[in-house]
């Protein structure tokens, strides 16, 4: 972390959006500052693996439930409202505004001293995209409420695992010559995630009524094309030539981003739409309220270097994809009665210790791959991308460790019994619901590895889909079980003995400044 200073007057705070990219990083920094932290989540299982779980009070509720929210806010000094859906659709803006109004009313009724909200940086008087307009409206709800509000307005957030950073990274690495819409010339003021967190933590300590917006950024203005070129320079890539075409084409650009980056179409469209206008700070008034971070604000290229370093070292705290929808749990086996379900089950016995098999299981996906016919997995990933799905490019937060709720390529971790079982729920486009379950158990002096692919078809199309993929399963899944066992055997033969009192490299903890 970033050495967050202790607060002179610790507060009781409630964080909404703790399962999200910013919220998941803010909570440990608030704890480090000495504040008492409560988190409000709909699904506690999504934070089951976070290292700060035992240090916070968990409230299971929804922002739609005003009575429960008011009860959760009793005794709270500061409410952090870090919720914003990337989903669109009919009624999206009205729902976002209604949720903010419910939160504001609950905060006022509970006597909360301040609401802190993170919105988007945008020009005055421009016709904003749906999502930027919604963020502006939510900020106004809080500013108009009886509770004092601090509304931060930030542009592109650069940090390991952020959607904006992943978009820049993959676009920059895809093509050395890139035709792009005219908005790549627009002026953008990015901000490092560590600086966003600095301001959010600082807002809890502000004295007196504030009730206003603050523009926050790096004070360094680039074009979006310039950001891609700076990224390429920092990553050691050849210079990227970005050709700005005289058409805005936000929807076409959003589709291109969805195809060439891990960002799904549902997110790429609002992200691209938010770039249609300049996003530059109009004032730096925050300097009179919260001092600059130690060492000053982080320049863009330094933020890129920090993010790349965190990804390289496997120290990414949160990623954008882990803030996805709640899992649709796999029914227990007895509940399958009366349902049409298809199961492909494999097992493989070996002489290797179960702990080595588990290490391979928990490290599956991302850069480690899926241990069988990588071309077939890639083709399926591209087909999923072409239909608006997640594809394989989302990767994983950490190369060795997983927690419930995290993503692994097109899967999401639904259940993990460390050392024994990993269950993944598919988020690919398919006419039905699918899971992949990997487990290991002792068998004599060795172990038995088991895997189950489970599919609940939806209608005739689901049944036909299963029949279509069955020939590929007959090739992929037997090889997968053999190769996982072989990888475990290789690990057992090559892993050095761990010195007493030390931890294996796979269990290394995040350290250093956040990125």
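Using only helices, what value at 222 nm comes out for the chain when you add -39,500 (n - 2.57) per DSSP H run of length 4 or more and divide by the total residues, to the nearest 500 deg cm²/dmol? Provide the component values of the computation, followed by the final result.
Details: 13 runs with 179 residues, N = 515.
Taken over the chain, the calculation gives -11000 deg cm²/dmol.
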TODO: Extending each Cα 7 Å along its Cβ direction at residue 71 and residue 108, get the distance between those two points in nm, one decimal.
DONE: 2.3 nm
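Ranked by Cβ crowding within 10 angstrom, fewest neighbours first, how are 152, 142, 456 ordered? Display every interim value, and only then the final one.
Values: 152 21, 142 26, 456 18.
Lowest to highest Cβ neighbour count: 456, 152, 142.
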TODO: Give the distance, in whole Å, between the Cα centre of the stretch 134-204 and the Cα centre of the stretch 371-401.
DONE: 27 Å
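Given a Förster distance of 60 Å, report the FRET efficiency between residue 98 and residue 445 from their Cβ-Cβ distance, rounded to the nearest 0.05.
Details: r = 61 Å, r/R0 = 1.02.
Computed FRET efficiency for residue 98 and residue 445 comes out at 0.45.
Which order do 493, 74 fall in if you start with the one that has the fewest other Cβ atoms within 10 Å?
Details: 493 9, 74 13.
Listing 493, 74 from fewest to most nearby Cβ atoms yields 493, 74.
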TODO: Mind pulling the angle between the C-alpha long axis of helix 21-32 and the longest principal axis of the chain? Nearest 10 degrees, somewhere in 0 to 90.
DONE: 70 degrees
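Applying 1/(1 + (r/R0)^6) with R0 = 41 Å to the Cβ-Cβ distance of residue 7 and residue 185, what FRET efficiency is obtained, to the nearest 0.05? Let's see the in-between values first.
Numbers: r = 42 Å, r/R0 = 1.03.
Step by step, r from the Cβ atoms, then E = 0.45.
Once a ≥ b ≥ c are taken as the square roots of the eigenvalues of the Cα gyration tensor of the stretch 327-507, is the result rounded (a/c under 1.5), prolate (a/b larger than b/c) or oblate (a/b not larger than b/c)? Before the final figure, lay out each step's value.
Working: a/c = 1.82, a/b = 1.59, b/c = 1.15.
Because a/c hits 1.5 or more and a/b exceeds b/c, the stretch 327-507 counts as prolate.
Highest mean first, how do 471-482, 417-428 rank when packing is the count of other Cβ atoms within 10 Å averaged over residues? Could you put the intermediate results ahead of the total?
On the way: 471-482: 16.0, 417-428: 18.2.
The peptides rank, most packed first, as 417-428, 471-482.
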TODO: Using per-residue counts of other Cβ atoms within 10 Å, averaged over each peptide, order 188-196, 125-133, 143-151 from highest down.
DONE: 188-196, 143-151, 125-133
TODO: Could you order peptides 381-389, 60-68 by the average number of other Cβ atoms within 10 Å of their residues, highest first?
DONE: 381-389, 60-68
Task: Cα-projected label distance for residue 375 with residue 305, points at 7 Å along beta-carbon direction, nm - done: 4.2 nm
Task: Nearest-ten-degree value, helix 193-203 long axis tilted from longest Cα axis of the chain - done: 50 degrees
Open item on the list: Rounding to the nearest 10 and keeping the result within 0 to 90°, find how far the Cα-based axis of helix 459-494 lies from the longest principal axis of the chain.
Closed with: 80 degrees
Task: For 52, 411, 370, order by how many other beta-carbon atoms lie within 10 Å, fewest first - done: 52, 370, 411
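Share of antiparallel DSSP beta bridges in the stretch 12-321, in percent to the nearest 5?
On the way: 3 of 39 bridges.
Percentage antiparallel, nearest 5: 10.
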Task: In range of the label at residue 458: residues from the stretch 432-451 whose backbone nitrogen is under 19 Å from the point 7 Å along Cα→Cβ - done: 432-436
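Applying 1/(1 + (r/R0)^6) with R0 = 51 Å to the Cβ-Cβ distance of residue 140 and residue 343, what FRET efficiency is obtained, to the nearest 0.05? Please report the intermediate quantities before stating the final value.
Values: r = 52 Å, r/R0 = 1.02.
In this case the efficiency is close to 0.45.
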- [ ] At 7 Å along the Cα-to-beta-carbon direction for both residue 383 and residue 130, put a label point, then send me their distance in nm to one decimal.
- [x] 2.9 nm
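Using Cα-Cα distances under 8 Å and only pairs 6 or more residues apart, what relative contact order does the chain have, in percent?
Working: 1021 pairs, mean separation 75.2, N = 515.
Reported as a whole number, the value is 15 percent.
Every number here is computed from the coordinates shown, using simple stated rules; none is lab data. In this text, all values refer to a predicted model and were calculated from it rather than measured experimentally. Quick reminder, even Gly has a Cβ in these numbers, built from the backbone with ideal geometry, and neighbours come from all protein chains shown.
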